[in-house]
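Undergrad: Pasting a structure here, questions to come.
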Amino acid sequence: MEMGLTEQYQAGKAGLLRLLAEVGDSGACLRSVYFAPHSSAIAGAGAEVENALRQVGDTDTGLAVFVLNDRTLAVAPPFPVRDSYVFDGADTAQMVGILERDLTVGVLLLRLGNYAVGVFRGGELVASKSGSRYVKNRHKAGGTSQRRFERSRERLRRELFDRVCREAEGIFAPFGGGIDHIFMGGERHTLKLFVDRCGLAQRLAPITLGRTLAVERPGKRALEKLPYEIWKSRVYVFSPKSIGATG
């Protein structure tokens, strides 16, 4: 029977662990399939899994799919799936391991004017630095005045980026190669310009995940509220279209 996407939602660490426990205890899980990031279809995964993979699309953390008697669940975890495989029955161990690993996570939050850098270990903020630096808003006048304004604004922006890059180096350096993953948050265009200028951000690219954390005003308070955002997963529910699916 054809399955359609009927629901999708975000789940925090505790909520997803409860869901995984239900899947494992239900006795209704026919198959569990794990896809490492950017992997393609796996032989023996089944039509339900291939349908879920096609509709969810590629993610930089991979996907876990659980085929139950009455529905299929696909989970995009906060951190990458390590191994791709098919298991007959319920196998939630890899997903539970992803959530419960004592990871060290670096975070860099940036919007023009405000920044925050932090390191979390097992969900606890263990190092941080935040601050602000004035950057002029856009100037609507034309002519020479506008060009002079834009040059000044560009200089202030470079100074902000250089300062944030130095602060990040100081916060991350004591952990050496012990940081497992990096997240960035804030305004996407500003972050892109920052990465283009900051050598540290470029060196950390291999462990920087693509999901941009939502934050309105970078600072210590924003960092302290981040554990849920960092460890959240996205859950997709597929049900038979004949029983009221809308997707």
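Undergrad: Run through segment 214-243 and list the chymotrypsin sites (Phe, Trp or Tyr not before Pro) located in a DSSP loop whose Cβ has at most 12 other Cβ atoms within 10 Å.
TA: Nothing satisfies the criteria.
Undergrad: Extending each Cα 7 Å along its Cβ direction at T104 and Q10, get the distance between those two points in nm, one decimal.
TA: 2.7
Undergrad: So if the hydrodynamic radius of segment 6-118 is defined as the Kirkwood radius over C-alpha pairs, what does Stokes-Einstein give as its diffusion coefficient at 10 °C and 1.306 mPa s, in µm² per second?
TA: Result for D is 105 µm²/s.
Undergrad: Restricting attention to the alpha-carbon atoms of the chain, what are Rg (one decimal) and Dmax (integer), both in Å?
TA: In Å, with Rg to one decimal and Dmax whole: 21.5, 73.
Undergrad: Taking amide H positions as placed in the peptide plane 1.01 Å from N, state which residues far from S84 in sequence (5 or more) or on other chains have amide H under 5 Å from it.
TA: Result for S84 returns A36.
Undergrad: Mind putting a number on the dipole of the chain about its Cα centre? Charges go on the C-beta only, +1 for Lys and Arg and -1 for Asp and Glu, and I need it in Debye to the nearest 20.
TA: 2080
Undergrad: Let me ask another. Could you work out the helix-only [θ] at 222 nm for the chain, with each DSSP H run of four or more residues adding -39,500 (n - 2.57) and the total divided by the number of residues, to the nearest 500 deg cm²/dmol?
TA: After summing the helix terms and dividing by residue count, I get -11000 deg cm²/dmol.
Undergrad: Quick one: what are the phi-derived ³J(HN,Hα) couplings along segment 169-179, Karplus 6.51/-1.76/1.60 with θ = phi - 60°, whole Hz, x for glycine and proline?
TA: With coefficients 6.51, -1.76 and 1.60, one gets 4, x, 6, 7, 4, x, 8, x, x, x, 7 Hz.
Undergrad: Given the options P218, A93, G123, identify the residue whose Cα lies farthest towards the positive end of the charge dipole of the chain (+1 on Cβ of Lys, Arg; -1 on Cβ of Asp, Glu).
TA: Towards the positive end, the residue furthest out is P218.
Undergrad: Kindly list the residues of segment 100-121 that lie in the label zone of H189, defined by a backbone N under 20 Å from the point 7 Å along the Cα-to-C-beta vector.
TA: 109-115
Undergrad: Right, here's the next one. What number of lysine-lysine pairs in the chain show an alpha-carbon separation below 17 angstrom, given a sequence spacing of 8 or more or placement on distinct chains?
TA: 4
Undergrad: Check T59: other-chain or 5+ apart residues with amide H under 5 Å from its amide H, H built from backbone geometry?
TA: Sorted by chain and number, the residues that satisfy this are H38.
Undergrad: Loop only by DSSP, 14 or fewer other Cβ within 10 Å of the Cβ. Give me the GluC sites (Glu not before Pro) in segment 177-228 that pass, ordered by residue number.
TA: Answer in residue order: E216.
Undergrad: Let me ask you something else. With Cβ to Cβ distances under 14 Å as the rule, what net charge do the other residues near C29 carry (K, R +1; D, E -1)?
TA: With Lys, Arg at +1 and Asp, Glu at -1, the net is -4.
Undergrad: Here's something else I'd like to know. When the dipole is taken about the Cα centre of segment 12-88, and only Lys, Arg (+1) and Asp, Glu (-1) are charged at their Cβ, what size is it in debye, to the nearest 20?
TA: Charge dipole of segment 12-88: 140 debye, to the nearest 20.
Undergrad: Count charges around V119 for me, please; just the other residues with Cβ under 11 Å from its Cβ, Lys/Arg as +1, Asp/Glu as -1.
TA: Combined, the nearby Lys, Arg, Asp and Glu give 0.
Undergrad: Which cysteines does the chain leave without a neighbouring Cys Cβ under 4.7 Å?
TA: C29
Undergrad: Karplus couplings for segment 88-96 from phi (6.51 cos²θ - 1.76 cosθ + 1.60, θ = phi - 60°), rounded to Hz, Gly and Pro as x?
TA: Result, ordered by residue: 7, x, 8, 9, 9, 4, 5, 5, 4 Hz.
Undergrad: Are there chymotrypsin sites (Phe, Trp or Tyr not before Pro) in segment 91-135 that DSSP puts in a loop and that have at most 12 other Cβ atoms within 10 Å, and which ones?
TA: Taking segment 91-135 and a limit of 12 other Cβ atoms within 10 Å, the loop chymotrypsin sites (Phe, Trp or Tyr not before Pro) found are Y134.
Undergrad: What does the net charge come to around R211 if you take all other residues with beta carbon closer than 10 Å to its beta carbon, with K and R at +1 and D and E at -1?
TA: With Lys, Arg at +1 and Asp, Glu at -1, the neighbours total 0.
FYI, it's all coordinate maths here, none of it is from the lab. Here the structure is a predicted model, which means the values were calculated and not measured. All Cβ positions, even for glycine, are placed from backbone atoms using ideal geometry, and neighbour counts span all protein chains on display.
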